[in-house]
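Participant: The structure under discussion is supplied below as structure tokens; questions concerning it will follow.
FYI, it's all coordinate maths here, none of it is from the lab. Note that this is a predicted model, so its numbers are computed, not measured. Using ideal geometry, Cβ is built from the backbone for each residue, glycine included, and neighbour counts are taken over all protein chains shown.
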Amino acid sequence: MLKTIAALGLAATLALGVSPAALAAGEKVSVITPFLAAIATGEMIEAFKAKAAEYQWSVDVVDTAGDMAAFASRVEDATTSGAKAIVLVSVDPAQIQDQVDKAKAAGVPVITIDGAKNASSVLNVTSDNYALGETMTKFLFEQIGNKGNIVRFFYSAHPGVHQRELALDDALKANPDVKQVADHYVAVPGQVDDSRAAMDAMLLANPGDGAINAVWAAWDEPGIGAELAITAAGRKGIIIAGIDGNPQAIELIKGCTPYVGTVRQGFGEMANIAADQLNKILAGGTPDKDELYAPVELITRASLGVTCN
Amino acid sequence: MTRTNLNRFGTLIAFVVLCVGFSIASPTAFATPANAFNLVQQMATLAIVATAATLVMTISEFDLSVGFSASLAAVICFVLFGLGYDVWLAVPAALLVGIVGGAANGVLVARFGIPSFVATLALGTILSGFAFGLSGGQSLFQKVPDAFKGLARGDVFGIPVLGFWIVLVLGIAAFVLNQTEFGRRLKAIGGNAQAARLAGLPIVRDVIVTFAIAGGLSALAGLLLASRLGSVQHTMGEPLLLPAYAAVFIGTTASPTGAPTVAGTLLGVAITGVMVNGMTIVGVEPFVQRILTGVIIIVAVLLRRVGRAQ
């Protein structure tokens, strides 16, 4: 009897947990990501939800916490549960090609935000990730006089992040006086703590002044972790730059910490563009292009009007 | 229905209640053949990994390397595809790595007396290092032969191919555990290892073989997952670990003795699969999904204890 009561209790709890969006009227749009814990991904999804509210869509958000098998399963669920569109955030649809193909075959349009172009999706809205990496790397190298030692924090599993890494690789070839003395593949989720631990180790392994001149962070959160380690160790002469325009990173830049720059991706802009294009698609139209870029902006102490001694 | 029957069939009743509840909540999406097809596909790899966990738990040990083995097998297979090897070489090679890794776990536990929690976690970490190194940390999805994709995609007479894998693997495991001398020895070892040793059972050999089978099953699950997705990430199998053991624990609540069984594990897999699938379809908030998944595991185990006490 206890088990039956428990099952009924769970069913009641389920009913209480049903999102208001799921009960709302309007077109049902499924937003699915494996990386909701990342600040940038969360920002994109919140911006998309806000825009979707204007269009009176019912939005279900699903996070699989890095689990790609669950991610594929949830795309299947969305396809069969009557979603009018599927929005994939921060992931390359080629990683679940079969599920994306099935959605297309079922007539459910798939769009990606911060993802990659794919034959079975109708649109990808992103930043030009190579250009992001190129902009940040050029700035960072200039800050150290195009000479010195850097460490790299990277995450090649993300297609956009990998493009930034390729930009760094090209810049290192073009600037032989800049040497990469260490690198770290960042663990996701838990990226800030993981990066701090890695930076702690790098500082111990490279103890002398000038042994490390700069930290190249493929996105801001590893850079924030590195900043924590550098500040705690009291090491001077090391600067950090990242990508995303994370609010915490901007505060660190304002605060005259080792964090000197970030390239702001227009995450809100991406989500807005995606929602506007999806509105066209749901009305029977087609997107302007199969890939659209949101504008980017280099944020530095100078651009923020901050002077540090 | 008597209290005994409620205790025995309560977990099954809970599963039925969940299915009925989701069917009422979303009759046009949950209670459809297309969703049943999805559910079978989604449960298959977890069912196989959970079966590996069941075998190891039968001898009262844990294998924390199952997810890492699954990842490494998939990575090895895709790396071999990238080097131009065909499916007939890549798949057996990947399975062999899983079996060898599992056997190594067994040796560490049975021969050297290292607690299985420690041994399998350590070896799993080593396996994850190889998977990371071989993949370069990147997602692999190129040069995948169609024959490989066919391992886990599509259907036969409307039944998902992965459904046949569930029947095949779990059927063999259930037969081995319940109908063979080897299976009875495993239960004896799990019930009282000291008594089994005094009775002259080949404990060291059986433990090594059990871990080797678990490694092979984990590798198979990784390959089927890779076939289903068409891509491989070096961490892809790791999220299978906790749901697999959750499924086994839920399954023990359906067992008259509280011991892990293949049928109980399948029920546990089905409950966890239906929970996640149903909550997604109904539109339950992601944070509630996580809370409920944890709650159901605790409730299941507590109810088992209450049932036993009664």
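Participant: Can you tell me which of A:88-94, A:56-62, B:295-301 comes out highest on packing, and rank the rest after it, using the mean Cβ neighbours within 10 Å? Display every interim value, and only then the final one.
Facilitator: Numbers: A:88-94: 25.4, A:56-62: 21.7, B:295-301: 17.9.
Going from most to least packed, we get A:88-94, A:56-62, B:295-301.
Participant: Once you measure Cβ to Cβ distances between cysteines in the protein assembly as shown, which Cys have no partner under 4.7 Å?
Facilitator: Cys with no partner Cβ under 4.7 Å: B:19, B:77.
Participant: So, one more: Using R₀ = 30 Å, calculate the FRET efficiency as 1/(1 + (r/R₀)^6) where r is the Cβ-Cβ separation of residue B:9 and residue A:106; round to 0.05.
Facilitator: Numbers: r = 37 Å, r/R0 = 1.24.
For residue B:9 and residue A:106, the calculated efficiency is 0.20.
Participant: Kindly provide the helix-only [θ] at 222 nm of chain A, computed as the sum of -39,500 (n - 2.57) over DSSP H runs of four or more divided by all residues, to the nearest 500 deg cm²/dmol?
Facilitator: Details: 11 runs with 142 residues, N = 309.
After summing the helix terms and dividing by the residues of chain A, the value is -14500 deg cm²/dmol.
Participant: For the stretch A:196-263, what are the per-bin percents of Cα-Cα distances with bins 10 Å wide, up to the bin holding the maximum?
Facilitator: Per 10 Å bin, starting at zero, the Cα-Cα P(r) for the stretch A:196-263 comes out as 24, 58, 18, 0 percent.
Participant: Per residue, what volume in Å³ does the Cα convex hull of chain A take up?
Facilitator: Numbers: hull volume 48.6 nm³, N = 309.
Taking the convex hull of the Cα positions in chain A, it is 157 Å³ per residue.
Participant: Please state, to two decimals, what the Cα-based radius of gyration of the protein assembly as shown comes to when divided by 2.2 N^0.38 Å (N = residues). Write out the running numbers ahead of the final one.
Facilitator: Values: Rg = 25.8 Å, N = 619, 2.2 N^0.38 = 25.3 Å.
The value comes to 1.02.
Participant: How are the C-alpha pair distances of the stretch A:129-265 spread across 10 Å bins, as whole percents from the shortest bin up?
Facilitator: Result returned by the calculation: 14, 50, 34, 2.
Participant: I want the local charge near residue B:121. Using Cβ-Cβ distances under 13 Å, sum +1 for each Lys or Arg and -1 for each Asp or Glu among the other residues.
Facilitator: -3
Participant: So, one more: Scan chain B and note any complete DSSP helix (H) whose C-alpha atoms cover at least 20 Å along its axis and whose Kyte-Doolittle average is 1.6 or more. Each step should come with its number before you reach the end.
Facilitator: Values: long enough: B:3-25 (31 Å, 1.24); B:33-58 (35 Å, 1.13); B:66-82 (24 Å, 2.27); B:87-106 (28 Å, 1.70); B:116-135 (27 Å, 1.64); B:161-179 (26 Å, 2.18); B:203-229 (39 Å, 1.66); B:262-282 (29 Å, 1.80); B:286-309 (35 Å, 1.34).
Both cut-offs are met by B:66-82, B:87-106, B:116-135, B:161-179, B:203-229, B:262-282.
Participant: Stokes-Einstein at 20 °C, 1.002 mPa s, Kirkwood radius from Cα pairs: D for the stretch B:162-309 in µm² s⁻¹? Can you show the working numbers first?
Facilitator: Numbers: Rh = 17.4 Å.
In µm²/s, the coefficient is 123.
Participant: Counting only other chains, what is the mean number of Cβ atoms within 10 angstrom of the Cβ of each residue in peptide B:9-16?
Facilitator: Details: counts 2, 7, 2, 1, 4, 8, 1, 2.
Per-residue shielding by partner chains comes out at 3.
Participant: Based on the Cβ-Cβ distance from residue B:96 to residue A:309, what FRET efficiency comes out when R0 is 56 Å, to the nearest 0.05? Can you show the working numbers first?
Facilitator: Details: r = 63 Å, r/R0 = 1.12.
My answer for the efficiency is 0.35.
Participant: Suppose only helical runs count, i.e. DSSP H with n ≥ 4. What mean residue ellipticity at 222 nm does that imply for chain B under -39500 (n - 2.57) per run, divided by all residues and rounded to the nearest 500 deg cm²/dmol? Mind showing how you got there, number by number?
Facilitator: Numbers: 13 runs with 230 residues, N = 310.
After summing the helix terms and dividing by residue count, I get -25000 deg cm²/dmol.
Participant: How large is Rg over Rh for chain B, taking Rg from the Cα atoms and Rh as the Kirkwood inverse mean of 1/r across Cα pairs?
Facilitator: Working: Rg = 19.6 Å, Rh = 20.0 Å.
With Rg and the Kirkwood Rh in hand, the quotient comes to 0.98.
Participant: Okay, next question. Please report, ordered by residue number, every helix of chain A (full DSSP H runs) that is 24 Å or longer along its axis going by C-alpha atoms and whose mean Kyte-Doolittle hydropathy reaches -0.5. Walk me through the numbers on the way to the answer.
Facilitator: On the way: long enough: none.
Both cut-offs are met by no helix.
Participant: Per residue, how much space in cubic angstrom lies within the convex hull of the C-alpha atoms of the stretch B:51-197?
Facilitator: Numbers: hull volume 18.2 nm³, N = 147.
Convex hull volume per residue, Cα atoms: 124 Å³.
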